[in-house]
Amino acid sequence: MEHLDRMQYKDIWRHYYQSHIGLCLLHPTPNNLNSHSTKLFEYMAAKIPILASDFPDFKKIISEADCGYTTDPFDYGRAADLVIQLKDNRKRNWDLGQNGFRAFQNLYSWQHEAEKLLTLYESFEKSKN
């Protein structure tokens, strides 16, 4: 495993495409508990299975998409076991990555959000007439 320091956004994707697992093991601070980490969606877009903190929103996103696992971020043994499971089961790793990508395309992409916004704008226009 290689730990990389901060890098420019344009350089991140090259590393994503070379990665096997996306880690999003954040501490349960108020900010982390009340937001959706961009990393989750970037990992989905890059077809990387996710190992994330077991926050309620993270658990919901990951379990509904079947794109990874969640764990207590302070349970290092469980996190290590899950990483080893993903490393050792390449088929499951690939399936989780594909599942995440489908969820990203169908639920979390900007294209999907644009379609929802256009529908909303059209309903506003109709209600004005």
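The values are calculated or read from the model by the stated rules, or taken from the named source; none is laboratory data. A quick note: this is a predicted structure, and the numbers were derived from the prediction, not measured. Counting neighbours? That spans all protein chains shown, and the Cβs are built from the backbone with ideal geometry, glycine included. The area values use the complete protein model at the heavy-atom level, side chains included, leaving out ligands, DNA and RNA. Shrake-Rupley method; radii C 1.70, N 1.55, O 1.52, S 1.80 Å.
Only residues that are in a strand (DSSP E or B) and either closer than 16 Å to Leu107 by Cβ or open to solvent by less than 20 Å² (accessible area, probe 1.4 Å) (or both) were counted in segment 38-89, giving 6. Exactly one residue among Ala46, Ala52, Ala80, Ala65 is at pLDDT 95 or above and over 22 Å from Trp13 (Cβ atoms), and that residue is Ala80. With the condition kept exactly as written, say whether any residue in segment 106-120 is of a type in the set (Ser, Thr, Tyr), under 21 Å from His3 (Cα atoms) and surrounded by 17 or more Cβ atoms within 10 Å (Cβ to Cβ). No.
Select from segment 1-17 the residues that are open to solvent by 100 Å² or more (accessible area, probe 1.4 Å), part of a helix (DSSP H, G or I) and under 19 Å from Leu40 (Cβ atoms) and list them in ascending order. Scanning segment 1-17 gives Tyr9, Tyr17.
Can you tell me which residues in segment 23-37 are part of a helix (DSSP H, G or I) and either touching a Gly at 6+ places or on another chain (Cβ under 9 Å) or modelled with pLDDT of 95 or more (or both)? Spell out how you get there, then give the answer.
Taking segment 23-37 and keeping what is part of a helix (DSSP H, G or I), we get 30-33.
Those that are part of a helix (DSSP H, G or I) and either touching a Gly at 6+ places or on another chain (Cβ under 9 Å) or modelled with pLDDT of 95 or more (or both): none in segment 23-37.
Here His27 passes the criteria (1) open to solvent by 20 Å² or more (accessible area, probe 1.4 Å); (2) out of contact with any Ser or Thr (no Cβ under 8 Å at 6 or more places or on another chain) except the one numbered (2).
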